[in-house]
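Worksheet: the structure to be examined is printed underneath.
The values are calculated or read from the model by the stated rules, or taken from the named source; none is laboratory data. Quick caveat, the model's predicted, so the values are computed rather than measured. Heads up, the Cβs are rebuilt from the backbone with ideal geometry, glycines too, and the neighbour counts pull from every protein chain shown. All accessible areas refer to the heavy atoms of the entire protein, side chains included, with ligands and DNA or RNA removed. Shrake-Rupley method; radii C 1.70, N 1.55, O 1.52, S 1.80 Å.
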Amino acid sequence: MTPPLRYSPAMDASVIETRKTSARAWFERLRDDICAVLEAVEDAFPAAAPLADRAPGQFVRTPWQRKDHTGAPGGGGTMAMLHGRVFEKVGVHVSTVHGEFAPEFRKDIPGADADPRFWASGISLIAHPQNPHVPAVHMNTRFVVTTKAWFGGGADLTPVLENRRSQDDPDTKAFHAAMRGACDAHPKVAPYDKYKKWCDEYFFLKHRNEMRGIGGIFYDYLDSGDWDADFAFTQDVGRAFLKVYPELVRENFAKPWSEAEREEQLIRRGRYVEFNLLYDRGTIFGLRTGGNVESILSSLPPVVKWP
């Protein structure tokens, strides 16, 4: 019989199982709420807007299963993909996976050096709109358990037109205000300035010496000692995103655009590809732990150019 995973003294096994169940249920409920809101945006597209003659997009859900590096069953998830008239591509994915980290990966994960087994559940979203005036966006939150347990995640906005990539742009201000609100509601566990700076530093293309977008928040290894507070903050990150991003889309989705702006959008998307393939820890984690390749790489835009 496989021995039970040895948690730290602060983590009773029955307590951590209850927490796993609660976290997984939240990520799946948030997925459902986001999919419903983005489908409503597709339905509400004004008749006179560019591409309004197309049918509104709807999410298609595809389940998948994984095996860990030993070949043992390791959980899985569900991809939810939409291709529509407002969104060229949206992926809203949830997964709950478990197994053992491969030996070469264990040193990089807190608690995995003591015991290679892990459990992780989370939601990950990426949206690439049709209209260059609508910013692309990324959001993910997760709960990870080894012999330790923590939350991580965040959200960041990527305008694709240079004249919108400003900290003074209304979209930028609204997005930052939403993320600040999520942090400020939980000041003991979510210092906004720290998480904003972390995001700026993380979503940075070193080879180009530029930020991927205009920032947001990023956090990882959040284990303050108050699990309920950490979880409540993580939930509020999802709620803040759910409110602010559809508002930004509706503010911009009917604006006309030029061929030059479309070209600029496609070139800027190239930066997104570069970051996700070269630097993104989530992409690396997923690929190295036997995750679903289609789900992991769905973050990439459907059409992109390099000049």
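Taking the Kirkwood radius as the inverse of the mean 1/r across Cα pairs, report the Rg/Rh of region 164-279.
On the way: Rg = 16.1 Å, Rh = 15.8 Å.
Here the Rg-to-Rh quotient is 1.01.
Restricting the calculation to Cα atoms, every distinct pair contributes to the Kirkwood radius of the chain, found to be 20.0 Å. Run the Debye formula on the Cα coordinates of region 1-148, all scatterers equal and no solvent, and tell me log10 I(q)/I(0) at q = 0.08, 0.22 1/Å. Relative scattering, expressed as log10 I(q)/I(0), comes to -0.32, -1.33.
May I ask you to derive the FRET efficiency for Asp220 and Glu263 from their Cβ-Cβ distance with R0 = 35 Å, giving the value to the nearest 0.05?
Working: r = 36 Å, r/R0 = 1.02.
The formula returns an efficiency of 0.45 here.
Name the shape class, rounded, prolate or oblate, that the alpha-carbon gyration tensor gives for region 187-234, where a ≥ b ≥ c are the square roots of its eigenvalues, rounded holds for a/c under 1.5, and otherwise prolate holds if a/b is larger than b/c and oblate otherwise. Let's see the in-between values first.
Numbers: a/c = 3.49, a/b = 2.87, b/c = 1.22.
It comes out prolate by the Cα gyration axes.
For Leu287 and Leu51, the FRET efficiency from 1/(1 + (r/R0)^6), where r spans their Cβ atoms and R0 equals 30 Å, is about 0.35.
Tally Lys/Arg at +1 and Asp/Glu at -1 over every other residue whose Cβ is under 10 Å from the Cβ of Val303; what's the total?
Working: positive: Lys89, Arg262, Arg269, Lys305; negative: Glu88.
That works out to +3.
Among the protein heavy atoms of region 185-228, carbon and sulfur supply 50% of the accessible surface, probe 1.4 Å, non-protein parts ignored. Where in the chain are the helices, taken as whole DSSP H runs, whose Cα atoms extend 18 angstrom or more along the long axis and whose Kyte-Doolittle mean reaches at least -1.0? Once both thresholds are applied, what remains is 13-43, 170-184, 227-252, 259-278.
For the chain, what does -39500 (n - 2.57) per DSSP helix run (n ≥ 4), summed and divided by total residues, give at 222 nm, in deg cm²/dmol to the nearest 500?
-12500 deg cm²/dmol
Measuring only protein heavy atoms, the 1.4 Å probe finds Lys194 accessible over about 120 Å². Classified by the C-alpha gyration tensor, region 66-143 has a prolate form. Its axis ratio a/c, with a ≥ b ≥ c, is 1.5 or above, and a/b is larger than b/c. Note on Lys196: lysines with a C-alpha under 29 Å away, same-chain residues under 8 apart excluded, are Lys20, Lys89, Lys107, Lys148, Lys173, Lys188, Lys206, Lys243.
Give me the 1.4 Å probe accessible area per residue for the chain, excluding ligands and nucleic acids, in Å².
Value for the chain: 45 Å² per residue.
Packing, as the average of other Cβ atoms within 10 Å across residues, places the peptides 19-27, 127-135, 103-111 in the order 127-135, 19-27, 103-111, highest first.
Less than 5 angstrom separates the built amide H of Met79 from those of Thr62, Trp64, all sequence-distant by 5 or more or on a different chain. With a/c under 1.5 counting as rounded, go ahead and sort region 138-222 into rounded, prolate or oblate using the C-alpha gyration tensor (a ≥ b ≥ c being the square roots of the eigenvalues; past the cut-off, prolate if a/b is larger than b/c, else oblate). Judged from the Cα gyration tensor, region 138-222 comes out oblate (a/c at least 1.5, b/c at or above a/b). For region 123-175, the fraction of 1.4 Å probe accessible surface lying on carbon and sulfur atoms is 51 percent.
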